[in-house]
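Participant: Structure below; questions to follow.
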Amino acid sequence: MSNIVIATRESRLALWQAQHVQALLQERGHTVSLLGLTTTGDQILDRTLSKVGGKGLFVKELELALEEGRADIAVHSLKDVPMDLPEGFVLACVLEREDPRDALVSPRYESLDALPQGAVVGTSSLRRMALLRALRPDLRIEPLRGNLDTRLRKLDEGQYDAIVLAAAGLKRLGLESRIRVAFDADTMLPAAGQGALGIEVRADRKDLIELLGPLAHQGDWLSTAAERAVSRAMGGSCSMPLAAHARWQADGALRIDAAWGDPEGKVPLVKVHALASAGDFAQADALGAHAAALLRAGGAH
């Protein structure tokens, strides 16, 4: 191709992600440029995503650029991508995953246990709220929106005692030193797709799908597909406090853990796991759907 245009949000982390893909493609001899866009999700900062339309707010403007031919591909944090893409769009690949865990960031406290009773913890993720309340029902959990730098600034200004962020974003921006502790995935189960990058294209761009094939990490693509299948089967969006995380076992089977809770802590957290071989996307989807069925059986509410 003469020039591949990447549509990207303009936050520092989104630009890092787009530039990472740009570099991978340039290494393969392609000319690549970036098209920076501001999404609705970037503009609405005074309300939680669950109240204003969900994660699709971060991708709609990028999809419009693909549809209009202003861009060829869009690079997303996979956890921000709706479980069902609009007709005419596909994920061309999922790249090798960074650390999928959540991280506690605090200027004063070295762990969740060290936070004093009633400490203020910032997050706008319903999943994180539900998991935090199950671990520490005494904490005050307050909304926290904005890009990664904005969230860290609000913490440093003293608005929160601690905040919870994705470890992957901090590591990608060279801010790993801000991490007090990366939660064990069994303690704070990650969101579906957390830590992974997905590349979206128009479904009719077979040339791009073929061109992007070498960037895919098949194991991470299958595991994140299973996670996204849990969320899809549950009707998942950011208005649902749902976690799903898949890991490959030594014997080659894929284990998926999922949790469903209540951000207010009024209903006990439901946690399940399922295990199966997952050599293709149909098997990965079936595993995720099975985990969702277990969740519904264990905690329909």
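The values are calculated or read from the model by the stated rules, or taken from the named source; none is laboratory data. From a predicted model like this one, the values you see are computed outputs, not experimental measurements. Cβ sites come from the backbone with ideal geometry, for glycine too, and all protein chains shown count toward neighbours. Remember, those area values only see protein heavy atoms, side chains included, never the ligands or the DNA or RNA. Shrake-Rupley method; radii C 1.70, N 1.55, O 1.52, S 1.80 Å.
Participant: Output wanted: per-residue J couplings in Hz (rounded whole) for segment 80-85, from phi through Karplus 6.51 cos²θ - 1.76 cosθ + 1.60, θ = phi - 60°, x for Gly and Pro.
Facilitator: 8, 8, x, 5, 10, 6
Participant: Quick check of the Kirkwood formula: for segment 94-149, what is the inverse mean of 1/r over all pairs of different Cα atoms, in Å?
Facilitator: 12.7 Å
Participant: Relative to the first principal axis of the alpha-carbon coordinates of the chain, what is the inclination of helix 12-27, with its axis defined by its Cα atoms, in degrees from 0 to 90 and to the nearest 10?
Facilitator: 40 degrees
Participant: By how many nm would the segment from SER177 to ALA297 lengthen if fully extended, with 0.36 nm per residue of separation less the alpha-carbon distance?
Facilitator: My answer for the length gained is 39.1 nm.
Participant: How far is helix 218-233 tilted off the main Cα axis of the chain, in degrees rounded to 10, range 0 to 90?
Facilitator: Between helix and principal axis, roughly 60 degrees.
Participant: If you don't mind, there's one more thing I want to ask. Under a Cβ-Cβ cut-off of 12 Å, what is the net charge of the residues other than GLU200 that fall near it, where Lys and Arg count +1 and Asp and Glu count -1?
Facilitator: -1
Participant: Right, another one. Mind computing the radius of gyration and Dmax over the alpha-carbon atoms of segment 140-212? Å is fine for both.
Facilitator: 16.7, 50
Participant: Output the 0 to 90 degree angle, nearest 10, between the alpha-carbon long axis of helix 126-135 and the longest principal axis computed from the alpha carbons of the chain.
Facilitator: The angle comes out at about 30 degrees.
Participant: Also, I was wondering about something else. How would you classify the chain from its alpha-carbon gyration tensor, with a ≥ b ≥ c the square roots of the eigenvalues: rounded for a/c under 1.5, else prolate if a/b is greater than b/c, otherwise oblate?
Facilitator: oblate
Participant: Ok, one more. Contact order normalised by length for the chain, with contacts defined as Cα pairs under 8 Å and 6 or more residues apart; what percent is it?
Facilitator: 21 percent
Participant: Compute, for the chain, the length of the dipole vector about the Cα centre, with Cβ point charges of +1 (Lys, Arg) and -1 (Asp, Glu) only. Units Debye, rounded to 20.
Facilitator: 660 debye
Participant: Which FRET efficiency value, to the nearest 0.05, is calculated for ASP138 and LEU275 with the Förster distance at 30 angstrom and r the Cβ-Cβ distance?
Facilitator: Step by step, r from the Cβ atoms, then E = 0.30.
Participant: Using a 1.4 angstrom probe, figure out how much accessible area the chain has per residue, in square angstrom, rounded to the nearest whole.
Facilitator: 42 Å²
Participant: Using DSSP to call loops (not H, G, I, E or B), can you name the trypsin sites (Lys or Arg not before Pro) in segment 187-287 whose Cβ has at most 12 other Cβ atoms within 10 angstrom?
Facilitator: When the trypsin sites (Lys or Arg not before Pro) of segment 187-287 are filtered for loop state and at most 12 Cβ neighbours within 10 Å, LYS266 remain.
Participant: Long-range amide H contacts for GLU10: which residues qualify at under 5 Å (H placed 1.01 Å from N, peptide plane, sequence gap of 5 or more or a different chain)?
Facilitator: HN-HN under 5 Å from GLU10: LEU37, THR39.
Participant: Here is a follow-up. Output the relative contact order of segment 183-252, whole-number percent, from Cα pairs under 8 angstrom with separation of 6+ residues.
Facilitator: Dividing the mean separation by the residue count of segment 183-252 yields 46 percent.
Participant: Let me ask another. Around LEU269, what is the net charge, scoring Lys/Arg as +1 and Asp/Glu as -1 over all other residues with Cβ under 10 Å from its Cβ?
Facilitator: +1
Participant: Can you send over the carbon and sulfur percentage of the accessible area for the chain, probe radius 1.4 Å, protein chains only?
Facilitator: Roughly 49 percent, rounded to a whole number.
Participant: How about segment 77-145: which trypsin sites (Lys or Arg not before Pro) there are in a DSSP loop, with at most 13 other Cβ atoms within 10 Å of their Cβ?
Facilitator: Within segment 77-145, the qualifying trypsin sites (Lys or Arg not before Pro) (loop, at most 13 other Cβ atoms within 10 Å) are ARG108.
Participant: D for segment 114-238, whole µm²/s, Stokes-Einstein with Kirkwood Rh over alpha-carbon pairs at 4 °C and 1.567 mPa s: what number?
Facilitator: D, rounded to a whole number, is 77 µm²/s.
Participant: Whole-Hz ³J(HN,Hα) for each residue in segment 187-201, computed from phi via Karplus 6.51 cos²θ - 1.76 cosθ + 1.60 with θ = phi - 60°, x for glycine and proline: what do you get?
Facilitator: Whole-Hz 3J(HN,Hα) from phi for segment 187-201: 7, 10, 5, x, 6, 4, x, 4, x, 9, 9, x, 10, 9, 9.
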